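Just so you know, all these numbers are worked out from the coordinates, no wet-lab data involved. Everything numeric here is computed off the predicted structure, so don't read it as measured data. Note that each Cβ is placed from the backbone with ideal geometry, even for glycine, and that neighbours are counted across all protein chains shown.
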Amino acid sequence: MRINVTQDLDRFIAAAGPWLVKSPVANNVLLTSIAAQQAGHAKGTAPAVYGWAEDKGSVLGAVRWPPPLPATVTAMPPAAAAALAAALADESAALPGVNGPTEAVSAFAARWLELTGAAAGPRRTLLVSQAREVKLAEWPPGELRRAAPDEAPALAGWITAVLTAAGLPSPEAVARQQVTEQLSGGRLYVWATGGQLAAVIGHAAPAENVVLVHGGYASPEHRDAWYGTAVMAAVTKQLLEQGYACISITDRANPQVGAAMRAVGYEAASELADVKFGPPADR
């Protein structure tokens, strides 16, 4: 087995790109991140590090790490995940966590903790859900529209709350990056009612015809109705009518979000693990 690590995105795409696009739903997070970097909207404050494992010319799995954010891994054999963890540990011990398919994350995390002495932090189970139709039959007052540039500060504050609740590092900076990217691409939407913003959601640029819908948030004063559900349903319906496959990733431990997803028409497709790393125990 051969392990490769690079910051050269073109090199990574040439080697692992054809393998990634064979599973566009399972690999959507990685494909979406690559597309954002190519468009100049990569999240993080340092160049992303890419790695892939191969055996006899066949790719076994891949990883992307955009410091200071967590790494994302694809499905792969446990031995390949452990080897990629070792390769990244040689690059830096500052990785804050890893997410991806459960088996690969478990092998990666175990090897990382062993090599770096980092402490195991919180672990979440995430659900990847896919919508093939929108089931929401009733809609709250108001309408869906694209967000306006002058609404960016307020919406960035809302999305910061989403990222903070998810335990992501640098939530304010990531939220600003996300809002800027989605606004410039016409992919940030709000539900407005009575002249007020009630809810927001955005989506990533399509990657191999798959769209990740994410960042949903309803303002506290509008949570007594289903504005958050409505904005997700309306955007999903629009994307499905354009011929895209729609997916979303949510925390399995949040029953309210799960109920809203089912009301829209999303059905669980697979599970992911999200593991945080803490500083070495002796610090």
Q: Using a Förster distance of 30 angstrom, determine the FRET efficiency expected from the C-beta separation of Ala154 and Ala86, and round it to 0.05.
A: 0.10
Q: Could you work out the relative contact order of region 5-52, using alpha carbon pairs under 8 angstrom and six or more residues apart, expressed as a whole percent?
A: 61 percent
Q) Most fluctuating residue of Thr72, Thr45, Thr236 in a GNM of the chain with Cα springs under 10 Å: which is it? A) Thr45
Q | Ratio Rg/Rh [Cα only; Rh per Kirkwood] for the chain | A | 0.97
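Once the convex hull of the alpha carbons of region 205-283 is built, what does its volume come to per residue, in cubic angstrom?
Values: hull volume 12.3 nm³, N = 79.
It is 156 Å³ per residue.
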Q. Per residue and in Å³, how big is the convex hull formed by the alpha-carbon atoms of region 107-200?
A. 159 Å³
Q. Using the alpha-carbon atoms, what tilt in degrees (0 to 90, nearest 10) does helix 152-165 show relative to the longest principal axis of the chain?
A. 50 degrees
**Q.** Candidates Lys43, Lys22, Lys56: whichever shows maximal mean-square fluctuation once the chain is modelled as a Gaussian network with Cα springs under 10 Å
**A.** Lys56
Q: Normalising by the residue count of the chain, find the relative contact order in percent from Cα pairs under 8 Å and 6+ residues apart.
A: 23 percent
Q.
Give the lysines reachable from Lys237 as a straight Cα distance under 21 Å; neighbours fewer than 8 places away on the same chain don't count.
A. Lys135
Q: Among DSSP beta bridges whose residues both lie in the chain, state the antiparallel percentage, nearest 5.
A: 90 percent
Q) In percent, what relative contact order does region 72-172 have, based on Cα pairs under 8 Å that are 6 or more apart in sequence? A) 23 percent
Q) If you average over every viewing direction, what projected area does the convex hull of the Cα atoms of region 36-149 give, in nm²? A) 11.3 nm²
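Suppose R0 equals 25 Å; then what is the FRET efficiency for Thr164 and Ala39 from their Cβ-Cβ distance, rounded to the nearest 0.05? Let's see the in-between values first.
On the way: r = 26 Å, r/R0 = 1.03.
Taking R0 as 25 Å, the efficiency between Thr164 and Ala39 is 0.45.
Rounded to whole Å and ordered largest first, report the semi-axes of the equivalent ellipsoid of region 35-85 derived from its Cα gyration tensor (root of 5λ).
Details: eigenvalues 108, 30, 12 Å².
With the √(5λ) rule applied to region 35-85, the semi-axes are 23, 12, 8 Å.
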Q: Among His214, His203, His222, determine the one that fluctuates most according to a GNM of the chain built with springs between C-alpha atoms less than 10 Å apart.
A: His222
Q: Multiply the residue gap between Ala259 and Arg146 by 0.36 nm, knock off their C-alpha separation, and tell me the result in nm, one decimal place.
A: 38.2 nm
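In the structure shown, do any of Lys43/Lys276; Lys22/Lys276; Lys56/Lys276 have a Cα-Cα gap over 27 Å, and if so which?
Values: Lys43/Lys276 18 Å; Lys22/Lys276 29 Å; Lys56/Lys276 33 Å.
Long pairs (Cα-Cα over 27 Å): Lys22/Lys276; Lys56/Lys276.
Taking R0 as 30 Å, what FRET efficiency do you get between Arg123 and Met1 from their Cβ-Cβ distance, rounded to the nearest 0.05?
It comes to 0.65.
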Q | Descending semi-axes in Å of region 1-67, equivalent ellipsoid built from Cα gyration tensor | A | 20, 14, 9
**Q.** Contour excess over end-to-end distance, with Cα ends at Glu271 and Asp251 and 0.36 nm allotted per residue
**A.** 6.2 nm
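So which trypsin sites (Lys or Arg not before Pro) in region 74-162 pass both tests, a DSSP loop state and at most 15 other Cβ atoms within 10 Å of the Cβ? Show your work: numbers first, answer last.
Details: sites: Arg111, Arg123, Arg124, Arg132, Lys135, Arg145, Arg146; in loops: Arg132, Lys135.
Those satisfying the criteria are Arg132, Lys135.
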